[in-house]
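Provided herewith is a single structure, encoded as structure tokens, for subsequent inquiry.
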Amino acid sequence: MLNINELETRWRKHKIKEYTPLAVIALITVLIGIFSIYVVSTQQVETQKEPSTLKADSKQEEEQKKEITQSSKALKKVTLAPSFKFISNIDNDIELDKKKEEKVKKKKYVEKTNTILIKRQSTQEDISYVIKRFKNNNDPALSLFIAKKYYELGEYDSSYNYALTTNQIDDSIDDSWLIFSKSLVKLNRKKEAIKVLKKYIKHSNSSQAKLLLRDIMSGKFR
Amino acid sequence: MKNSIYDASKNVFLDNIDVREYIQLDRVSTLYKSLKDSVRKPLKMILLYGKPGTGKSMLLSKLHHDLSSTQKVFIYSTPILDDSEFFKSLARDLFDVKYLGELNFTQLMLIVKSKLSKNYKVPLVLLDEAQLYSSEQMEKIRLLSDTRIVKFVITLHKTDKEDIIAKEHFQTRIWESIELKNSSKNELRIYIQKKLMKANCFDSANMFSKNRVNLIHKITKGNYRDTNKLLYTFFNIYSWYCYNDPSAIDSNIASSKIIEMSAIQTGLINA
């Protein structure tokens, strides 16, 4: 006598038994696949990371070297020498502007004479010209240039003002904060300078700012 | 209506040896022809061997059926294990001698000699399941065949033990040995379909696609007896569903689930 219900149960058990090894093999294969994909992807990420980390390391090394050289220079000269590389660009801009103007003038001159007159302006005139341009375009590079020029000329009030203006436009320019702090020191506001530098270092972790702070605090920079 | 079809189909696969249900397959037909040719040759013995369920008994029955109208042929489907009874059966069938009391081999040989004449036609004795005879009996059968007064066709299951029997007793005497094997997938398909169509179960015959026959072949390894057993149970289960849960079955194609259930039921699948 057939017992279909029991037979169906036995059949179901048989199918489970039959497919279990296949399911296990499939599961293992999938897991191996996922694992191998994961391994390959992590390896790729590591290989991609490696050069950048190397670069970062080399950058760090360079920065450390710079710090060492700068600190050694600072030890020798006591005062900081900010980079004025961008000035050449600004100068070029000024020259280009001048050339344009000269070109316009040239035509007039050509009619009169064939000689070109180059008029050398004084530093004060330069500054007033840059100020004029800064008022037009509000470029922080120009305001920084002005601040630096005023600092060089010993007009610390003006350099302070222009550095402050620069910081207000763009608060991430290292040189501007340095000129600002230096100007404060020169204006006998050493405590304020230290406070500003500390805040800035906390924000930017600038090595140059650190050096300057150390110099100010040690009294090397007055 | 369907119920009767499944019931009729079920009965087709009842495991009995009926020559009317013999299914003509190319390979089996060739073997049968070769067996018939061997019988005509002046051989002492013919050995028909193969694994159980490969159709030896069916072939032997068919041979008996086909030759009985033209020559003296006797079939011993079940072995007579007692010596005296076996010899008495031979004396009765071959020489019409009804012997009362014990009959030993020597007495049988005396009967044989007394019955020999010029017009004597060598009778054919078909011994099925010969592996069940003892070694001593087999030795006496060999001696009897050596006299050329009787020709034996014997069937053996192919096992290591039976190979030894074959070697020991018949190696030098059997001039013809025919091996029967399990069917191939194609043969099994033809076998199933022909068997069902012979019983006018055309719908059932159409249920067995190539895939389903392959599954059956995988389970039974092409063994005819196992296939019969499996399909008998298969139609029995189909019949049950037809009465109790008709929506669970598809009458157009044999359900692989029910084929497997049948295999579990018959022990062909161990579940």
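Mind counting the residues in segment B:215-270 that are open to solvent by 40 Å² or more (accessible area, probe 1.4 Å) and within 9 Å of chain A (Cβ to nearest Cβ)?
7
Now for a different question. Would you please name the residue that is modelled with the lowest pLDDT, looking only at residues in segment A:157-203 that are over 17 Å from A:GLY219 (Cα atoms) and among the small types (Gly, Ala, Ser)?
Here the residue is A:SER172.
State whether the residues of segment A:139-149 include one that is farther than 21 Å from A:GLU125 by Cβ and either within 18 Å of the chain's Cα centre (by Cα) or crowded, with 18+ Cβ neighbours inside 10 Å (or both).
From segment A:139-149, those farther than 21 Å from A:GLU125 by Cβ are A:140; that's our starting set.
Restricting the remaining residues to those that are either within 18 Å of the chain's Cα centre (by Cα) or crowded, with 18+ Cβ neighbours inside 10 Å (or both) gives A:140.
Yes, there is a match, as at least one residue in segment A:139-149 is farther than 21 Å from A:GLU125 by Cβ and either within 18 Å of the chain's Cα centre (by Cα) or crowded, with 18+ Cβ neighbours inside 10 Å (or both).
Now, a different point. Among (1) under 30 Å from B:GLN24 (Cβ atoms); (2) open to solvent by 90 Å² or more (accessible area, probe 1.4 Å); (3) part of a loop (DSSP other than H, G, I, E, B), there is one condition B:HIS65 misses while meeting the rest; what is its number?
The number of the failed condition is (3).
What tally of residues in segment B:202-214 results from selecting those that are open to solvent by 10 Å² or more (accessible area, probe 1.4 Å) and within 26 Å of B:PRO52 (Cβ to Cβ)? Working first, answer last.
From segment B:202-214, those open to solvent by 10 Å² or more (accessible area, probe 1.4 Å) are B:202-203, B:206, B:209-212, B:214; that's our starting set.
Checking which are within 26 Å of B:PRO52 (Cβ to Cβ) leaves us with B:212, B:214.
Of the residues in segment B:202-214, 2 are open to solvent by 10 Å² or more (accessible area, probe 1.4 Å) and within 26 Å of B:PRO52 (Cβ to Cβ).
When B:LYS115 is evaluated against the numbered criteria (1) over 30 Å from B:LEU268 (Cα atoms); (2) out of contact with any helix residue (DSSP H, G or I) (no Cβ under 6 Å at 6 or more places or on another chain); (3) open to solvent by 60 Å² or more (accessible area, probe 1.4 Å), which criterion, by number, is the only one it fails?
With (1) over 30 Å from B:LEU268 (Cα atoms); (2) out of contact with any helix residue (DSSP H, G or I) (no Cβ under 6 Å at 6 or more places or on another chain); (3) open to solvent by 60 Å² or more (accessible area, probe 1.4 Å) applied to B:LYS115, the lone miss is (2).
Now a separate question. Kindly check whether there is at least one residue in segment A:187-197 that is closer than 18 Å to A:ILE131 by Cβ and either within 17 Å of the chain's Cα centre (by Cα) or open to solvent by less than 30 Å² (accessible area, probe 1.4 Å) (or both). Outline the logic, then answer.
Within segment A:187-197, the first condition is being closer than 18 Å to A:ILE131 by Cβ, and the residues that meet it are none.
Checked segment A:187-197: no residue is closer than 18 Å to A:ILE131 by Cβ and either within 17 Å of the chain's Cα centre (by Cα) or open to solvent by less than 30 Å² (accessible area, probe 1.4 Å) (or both).
For segment B:1-40, enumerate the residues that are loosely packed, with under 15 Cβ neighbours inside 10 Å and in contact with a strand residue (DSSP E or B) (Cβ under 7 Å, 6 or more places away or on another chain).
B:SER34
Mind checking whether some residue in segment A:174-185 is assigned by TED's automatic domain parsing to the domain that holds A:GLU155 and over 24 Å from A:PHE145 (Cβ atoms)?
Pass one, segment A:174-185, residues assigned by TED's automatic domain parsing to the domain that holds A:GLU155: A:174-185.
After this cut, where a residue has to be over 24 Å from A:PHE145 (Cβ atoms) as well, the list is none.
No, every residue in segment A:174-185 fails to be assigned by TED's automatic domain parsing to the domain that holds A:GLU155 and over 24 Å from A:PHE145 (Cβ atoms).
The values are calculated or read from the model by the stated rules, or taken from the named source; none is laboratory data. Keep in mind that what you see is a predicted model, and the values were worked out from it rather than measured. FYI the Cβ positions are ideal-geometry reconstructions off the backbone, even for glycines, and counts take in every protein chain you see. We work out accessible area using only protein heavy atoms, side chains counted, and drop any ligands, DNA or RNA first. Shrake-Rupley method; radii C 1.70, N 1.55, O 1.52, S 1.80 Å.
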